[in-house]
Structure formats: C-alpha cells, structure tokens
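Following: one structure in structure tokens, then a few remarks.
The values are calculated or read from the model by the stated rules, or taken from the named source; none is laboratory data. None of these values were measured; they are calculated from a predicted model. Cβ placement follows ideal geometry from the backbone for every residue including glycine, while neighbour counts extend to all protein chains displayed. Side chains are part of the model used for accessible areas, which takes the heavy atoms of the whole protein and leaves out ligands, DNA and RNA. Shrake-Rupley method; radii C 1.70, N 1.55, O 1.52, S 1.80 Å.
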Amino acid sequence: MTEFQPGGHSSGQKGLPGRRSLLAIAAGFAVAGLAACAEQPASSPAARPAPGSTPVMEAASQLPVVPETRPAPPSKSQVVAEFSARKPVSWGLDVTGVVSKTASPHAVLTFDACGGPHGSDCDQRLLKTLRKLNVPATLFVNGRWIKANPGLAADLAADPLFELGNHGFQHQPLSVNGRSAYGIPGTANAGEVYDEIMRNQEAMERLCGKSPRFFRAGTAYYDDVAAAITNALGLVPVSFTLNGDGGATFPAPTVAGEVGKIAAGRGAGQIVISHFNQPGSGTAEGYARALPGLLDRGVTFARLGDTLPL
Ligand SMILES: [Zn+2]
C-alpha cells in the first residue's frame, strides 16, 4: 500500500515520489531514478531570505523560480516507445505506484461518476448533503459522464468544496495487456493506456480550465506498468482504502455502516470510494446518516489534493 507522505517524499520501495519529483519525471520522462529526485532539496537554503530581516522585494527576487504550470506530458509515441516492452508483474487494486491511503490526518471522500448508459445521472441529494455539512470531496468523472453533463461538470469544477479527478475516457481497467476486471475489458497496450488517460484529461482541461492531478481507472484496477505510465503523464493513480457503497449497490444502512468505520484514530488517511452517479442507490441516504456522527466524533475531511503538497 502506497501512502502520501506529508513532506512530499515516501519511504520504501513502493513509495510515491513527491510532487516535485513527479514534475521532474514528467519533464525529464526518462528519469534516472526516483531516489535522485527524492534527495533533491525543495529549495536551496542559500536562496532563502533571513526571516524578518529581508525587504520584501529583495526576498522575492531571491526566491527560487517555481514554474506555475506543469510541463507538457510525454507524447503518445514517447509513452509507447518507453513502456511497450515492459511486462506487468502485478494486477489489482493495490499495485506499486498506486495510492490507496494517505499520510494525512484527514479522511478523503471520493465519489466516482462512471458514465455510460446506466451511469450518467447525478446524485444531487448526495452533493446537497456534502454542501450542507461543508464536507469536501474529490469527484472522479469519466468522459462519458462529462459528455452527458457538460454544464454540471463545469459547475462542479468551479465549486471550491470539490476537486475533480480523471476517471478515464471509456471507463476501462488500466492494463497494458488487456486484463479484465468485473467483466470489463481493460486497455490492451501502452498506447491505449495513454488514450484512456489523456483523452479525458484533455476534455477536462477544455471544460474546466485546469488539469486534474489524480486519476482513477474504471473499476480502480491497474497493472504496475499502467500505473507507471499514469505517473509519467504527471497524474497520480488512485485506488482506495474503504469501499463505502460497493459500486453503488449497498442499501443505505450498509453504506452508513461502512462509512461509519471512518472513526477518529482509525480512519485517518483513509481514501473512501463511493459514487455520485446513481441517485437511486442507497449512497446519498447512507452518507446523510453517517456524516453527522463522524463530524461529531471529530473526523475531519479533505480533498485528495489537500493531502499531497504541491
Ligand atoms: Zn467508475
């Protein structure tokens, strides 16, 4: 299980590189090794102004230059050339490079909108409950859902309570050799992985005016090579710690029971997956029952991006 680390660096072989490291990967693409990036200081101590003694303008002129925009991701042909020969060694919800838990003291609620013929509605009652209780969330939206709800997607992107993530263009498990999950065929090769990520990324950038930082594959299944491609494209592949609504199949009491497991002291750093595209499910009612009690017990929530330093 990979965790975000507050300092932007993680330990262990499965550790996720810090944000700066991710940028370096995207910029350099064929990066020599994560360790080299992780050891690079965030800023040079010599460049820091002495606290309280340096005029503002002088201090500003000495600050390291930080790019305001992310570097362009590698092209499809670059991804194909770099990754096509690599054989995956793992497949599932929790593979190397995929984040399923954070090191934050806050719980992260994530809600997916998977799109498709039976998945392009919006659970307005659930969103209303989150807004009423001022509980932030990260919303992963699929390309088919955006196509069915362009105005709503733009409204959600503009709401500071929410953060939008990329849930793929066709809602496919992310594989470089066509593995399936829950009967849904996965992407067949590195080029299809690129398309599944970037076609929706580009649609979201056009619609929302900003680039999503996080990606969750359809079904949340990945192989390790597909996860590495996601990271190389500058996105963090995300899984989950706690399944709140069982793919929007749980009745409300079950949702309330599962979400209620986010207890203070136990739930810190958990990433909870549920859905906001199935208004006929028990999800909204389950969250309406569970959230007030969690807040009373001191559980705090944050968007995924708030748990990962830029
Ligand atoms: Zn989905």
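Taking all protein chains together and a probe of 1.4 Å, list V99, V176 from the most accessible to the least accessible. The partial results should precede the final answer.
On the way: V99 0, V176 20 Å².
Accessible-area ranking of V99, V176, largest first: V176, V99.
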Under 1.5 on a/c is rounded, so check that first for segment 104-260, then, if it is not, pick prolate when a/b is larger than b/c and oblate when it is not; a ≥ b ≥ c are the square roots of the alpha carbon gyration tensor eigenvalues. prolate
From the Cα centre of segment 110-138 to that of segment 237-310, the distance in Å is 12
With unit charges on the beta carbons (Lys and Arg positive, Asp and Glu negative) and the dipole taken about the Cα centre of segment 134-231, which residue among T230, V176, G186 sits farthest to the positive side? G186
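Would you mind getting me the FRET efficiency between K128 and R86? Use the beta-carbon distance for r and R0 = 51 Å, nearest 0.05. Mind dumping the intermediate values first?
On the way: r = 45 Å, r/R0 = 0.88.
The value I calculate is 0.70.
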Could you give the length gained by full extension between L295 and D159, i.e. 0.36 nm per residue of separation minus their alpha carbon distance, to one decimal place? 46.8 nm
Per residue accessible area of segment 93-307, 1.4 Å probe, in Å²: 35
In debye, nearest 20, what is the charge dipole magnitude of segment 113-246 about its Cα centre with +1 on Lys and Arg Cβ and -1 on Asp and Glu Cβ, if you could check? 340
For an R0 of 25 angstrom, estimate the FRET efficiency from the Cβ-Cβ distance between N189 and A72 and round to the nearest 0.05. 0.65
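I'd like the carbon and sulfur percentage of the solvent accessible area for segment 93-307, probe radius 1.4 Å, heavy atoms only, ligands and nucleic acids excluded. Walk me through the numbers on the way to the answer.
Details: 3850 of 7590 Å².
After summing per-atom areas, the C and S share lands at 51 percent.
Starting from the Cα-Cα distance between N243 and H118, subtract it from 0.36 nm times their residue separation and give me the gain in nm to one decimal. Could you put the intermediate results ahead of the total?
Working: separation 125, 0.36 × 125 = 45.00 nm, distance 2.03 nm.
This chain segment gains 43.0 nm when fully extended.
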